[in-house]
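For reference, the structure is listed below as C-alpha cells.
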Amino acid sequence: MDRVEAQEERRRQMREAVVGRGFVRTADLAEEFGISLMTAHRDLDALQAQGWLRKVRGGATGLPSAQFHGSVAERMAIMAQTKQLLARAAATLLVPGQTVLLDDSTTCLLLAHQAVEHTPLTVITNSLPAINTLAKEPGIALITLGGAYFPAYDAFMGLHTADAVRAFRADVLFMSTTAVTNGRCYHTSPETVQVKRAMMECAARRVLVADHTKFAKDGLYALAPLPDFDLLIVDDGLAAEQVRAVRAAGTEVMVVPAHG
C-alpha cells in the first residue's frame, strides 16, 4: 500500500470511528492511528470538507446537528416508509414530456425510482444515485450536473454545479430540505444551498417534499422561505395549525396520509 492508499484507508477508518461512536477526540485518533495531532486535524478537515463529519472543539462528531445531517445511508433509514409515501404522492404530479429537476435528497431519490412509470421525461439532477437509477431507462432523457463531488452526500455540489443548473429551464423542481424553522428552509451545507437556490431559479414550478420531522429540526444555512415554493408535500404528522400557517402564507399543501 503506497502513501496515498494508506492515507485514504486511515481516513476511511477514522470516518467509521467517528460515525460509529458519535464523538471522538482528536488526540485519541492521533494515538489510535499512530499519527501526529496535526495529521489527525488534516484528516478530519478533509473528511469534514467531504461532508462525512463535523469538527468540534477537541474532536469530531458524526451525530446529526444544525451543521451536519448524517450520511446518505443514515438519511435513507430515517422516516423511510413515510418518504416512500411522499415520493409516490410527488410522482402523481409528473406529466409525460416534462423536464424535471431533482435535488440530491433521499426523498427525491425515491421519486427517481417512481419517475420511470411516467415517461417520457427529461430529468436533470446532481444526485449520483439518481443518475445511476435513471441512466439506462429508455424513457428518460438524463442530464447530469457535474461539479465537485461530495462523497457523504453522494452528489455534485458547489459553484460549478450551480452554474451548470442555470444553463437549463425545467417545468418542475422537486426538492427536500434539512429543516424548516419559522417558515424558512435551512440546510447544513453552503454548497448545497448554492445549488438548490440555482435550481429554484430555473424551475417554473417548485415543489418541496418534506416529512413532518423536518419542521422540528434546525439547520445552519438559510435556503429559502416556504412561500417561495408553489407546493409543499408533507405527511399528516405535521400539526394542523402548521399546515394552515403554510397555506396562509401562500403555499399550497398536499397532506399525505402516513399515520393511522
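Note on Glu5 and Ala204: with the Förster distance fixed at 41 Å, the Cβ-Cβ geometry gives a FRET efficiency of about 0.30. Close amide H partners of Val209, meaning residues 5 or more places away or on another chain with modelled amide H under 5 Å apart, are Met175, Ser176, Ile233. Computed over the range 111-256, the range of Cα coordinates on each principal axis works out to 43, 32, 25 Å, biggest value leading.
Considering only Gln50, Phe23, Gln81, and ranking their Cα positions along the charge dipole of the chain that arises from unit charges at the beta-carbon of Lys, Arg, Asp and Glu, the one farthest toward the positive end is Phe23. Kirkwood radius and radius of gyration were both taken over the C-alpha atoms of the chain, and their ratio Rg/Rh is 1.00.
Among the trypsin sites (Lys or Arg not before Pro) in the range 76-140, those placed in a DSSP loop whose Cβ has at most 14 other Cβ atoms within 10 Å are Lys136. Using the 1.4 Å probe convention, the accessible area of the chain works out to 45 Å² per residue with neighbouring protein chains retained. Computed over protein heavy atoms with a 1.4 Å probe, the carbon and sulfur contribution to the accessible area of the chain reaches 52%.
The values are calculated or read from the model by the stated rules, or taken from the named source; none is laboratory data. As the structure is a computational prediction, the values presented were derived from the model and not from experiment. Note: ideal-geometry Cβ built from the backbone for every residue, glycine included; neighbour counts use all protein chains shown. Calculation scope for accessible area: heavy atoms of the full protein, side chains included, ligands and nucleic acids excluded. Shrake-Rupley method; radii C 1.70, N 1.55, O 1.52, S 1.80 Å.
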